[in-house]
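A short worksheet on the structure shown next.
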């Protein structure tokens, strides 16, 4: 059975206040959130999970909720180059969901198979009114994805040996997590089902920010921590 290697990639960043993600907790704590992607390989296959925000959604240096942000296709190309990969080498792009900050650069991968939940495609076609107001979905992706080779899955499925997709509706109707087998165990790539580890594990007393600063944080007394799996989150290396 293949053992996959997971490499986190940063396709830009957005600066937010933590209470925007965990309502009522840690008010005023500024955090930098990466637009994340993940490069997966077993030594032969080349997969990408998500592809970041399209630059048209960053206006005057600001994106969601008027927050300072950077990103776009150059970030994706440069992030892939950092692991020695060009967009043309990506064979499969898997989407945790199709929000504009996760699927905004699908056009960079015309030769790949693009994999997402059928329920997510339907929500892209007909988003909720609140999603339209926020601009969560870029409906300009509809013709883009329609011109690509797409695989619309329904529910849980093992897409490749050692990579299982789990349908996790909530953030969107077609959100999905990836369970990826590696030499160090099974990892969950959760997309925006879990924005930050403090959401998955509300009893955490501290958080590590992107600059490796450790900050205290409020504990949510209404939930108990359950280490049910390892969830991928990005912390820069020391190198």
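Each reported figure results from applying straightforward, stated rules to the coordinates on display, with no laboratory input. Note that the structure is predicted; figures quoted are calculated from it, not measured. Every residue, glycine among them, receives a Cβ derived from its backbone with ideal geometry; neighbour counts consider all protein chains shown.
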Extending each Cα 7 Å along its Cβ direction at residue 131 and residue 89, get the distance between those two points in nm, one decimal.
3.4 nm
So for each of 150-163, 172-185 I average, over its residues, the number of other beta carbons within 10 Å; can you give me the resulting order with the highest mean first?
172-185, 150-163
Under the classification rounded if a/c is under 1.5, otherwise prolate if a/b is larger than b/c and oblate if not, where does segment 1-63 fall, given a ≥ b ≥ c as square roots of the Cα gyration tensor eigenvalues?
oblate
Please figure out what share of the DSSP beta bridges in the chain is antiparallel and state it in percent, rounded to the nearest 5.
75 percent
Taking neighbour Cβ counts within 10 Å as the exposure measure, how do 201, 109 sort from fewest upward?
201, 109
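Cα gyration tensor of segment 70-158, axes a ≥ b ≥ c as square roots of the eigenvalues: rounded (a/c below 1.5), prolate (a/b > b/c) or oblate?
In terms of gyration-tensor shape, oblate.
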Relative contact order of segment 5-231, pairs being alpha-carbon contacts under 8 Å that are 6 or more residues apart, as %:
15 percent
What is the P(r) of segment 91-228, as percent of Cα-Cα pairs per 10 Å bin from 0?
11, 34, 32, 19, 3
Would you mind classifying segment 118-177 by shape? Square roots of the alpha carbon gyration tensor eigenvalues, ordered a ≥ b ≥ c; an a/c under 1.5 is rounded, otherwise it is prolate if a/b is larger than b/c and oblate if not.
oblate
Structure-derived log10 I(q)/I(0) by the Debye sum over Cα atoms at q = 0.08, 0.10, 0.12 Å⁻¹ - corresponding label in [x] -0.34, -0.53, -0.76; [y] -0.25, -0.40, -0.59; [z] -0.29, -0.46, -0.67:
[z]
Quick one: what Rg and Dmax do you get for segment 91-137 from the alpha carbons, in Å?
11.3, 34
Taking Cα centroids, how far is segment 65-128 from segment 184-200 in Å?
18 Å
